[in-house]
Structures are given as C-alpha cells and as structure tokens.
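Peer 1: Shown below is the structure under consideration.
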C-alpha cells in the first residue's frame with residue numbers, strides 16, 4: 001500500500017479548514033476563533049511575486065524588529081515573522097528597502113575609498129620627503 005501524499009486537509013485553505021473542523025467539533029472548543037484573519041503568503045505574493053524573495057525579505061524585517069526597529073503595524077500578539085509579513089502585505093514597508101538592507105547585511109567586504117593614482121603619487125612623494133628629512137637628522 002502506498003503512503004498518502006499529505007494530510008487529509010491537503011488542498012484546504014485556512015478559512016475553509018477552520019469551517020470544516022468547526023463543523024466536525026462544534027462545541028469542543030477545538031477550533032479557537034480569534035476573529036482576525038492570519039496573514040498568508042498569498043496575501044504578500046502580489047507585492048513580492050517571487051516566494052523565495054518574500055521569505056528572505058520577511059526574515060530580514062523580522063531580524064530588524066528583533067533588533068529594535070519600530071513596528072509599522074499593530075503586534076496583536078503575533079511573532080516577529082508574522083508582523084513582518086503583515087507589514088509587507090499592507091505595503092507599510094517597501095521590498096526595495098528590505099532588498100538593500102539584506103544585501104548590506106550579507107556583504108563580507110565593505111568598500112572603502114581607495115586613493116586615486118595621482119593622490120597616491122603625492123602621498124608617496126611626501127612620505128619619501130619626510131623619510132629623507134628624518135634620515136638627514138640622524
């Protein structure tokens with residue numbers, strides 16, 4: 001006998017699954033209705049079409065929130081990743097900003113201003129002149 005491909009609830013969205021379990025267990029308290037809709041990836045996909053990027057952006061924003069960044073939506077007892085997804089879904093934060101912050105956070109090499117060749121030649125001459133003056137004094 002082949003194993004199942006997934007749970008019985010495969011193919012149900014969260015609202016449909018809640019109604020289904022509420023119908024099966026009407027008075028058991030098994031289904032807790034919070035009265036608020038949970039954010040899902042489908043809510044955010046129209047803002048960030050690539051799901052992989054969406055996960056990376058939400059993780060970056062969740063790290064920012066954990067580090068003390070101000071919240072742009074109400075927390076509502078949600079954890080940082082859910083708050084980050086809600087901010088993306090409600091377009092409170094731009095994906096471009098998250099992309100730049102993510103790139104900066106992953107960079108190992110920080111660019112520093114290198115002196116131009118003309119500036120380098122002037123610096124070398126001044127160092128040689130200083131060492132020549134110091135060599136004469138000794």
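Peer 1: So, residue 15, is that one assigned to a helix (DSSP H, G or I) and modelled with pLDDT of 90 or more or not?
Peer 2: Answer is no for this residue.
Peer 1: Count, please, the residues in segment 57-97 that happen to be touching a helix residue (DSSP H, G or I) at 6+ places or on another chain (Cβ under 6 Å) and in contact (Cβ under 8 Å) with a residue 24 or more places away in the chain.
Peer 2: Total meeting the criteria: 10.
The values are calculated or read from the model by the stated rules, or taken from the named source; none is laboratory data. Remember, predicted model here, so these are calculated numbers, not experimental data. Glycine also receives a Cβ, built like all others from the backbone with ideal geometry; neighbour counts cover every protein chain displayed.
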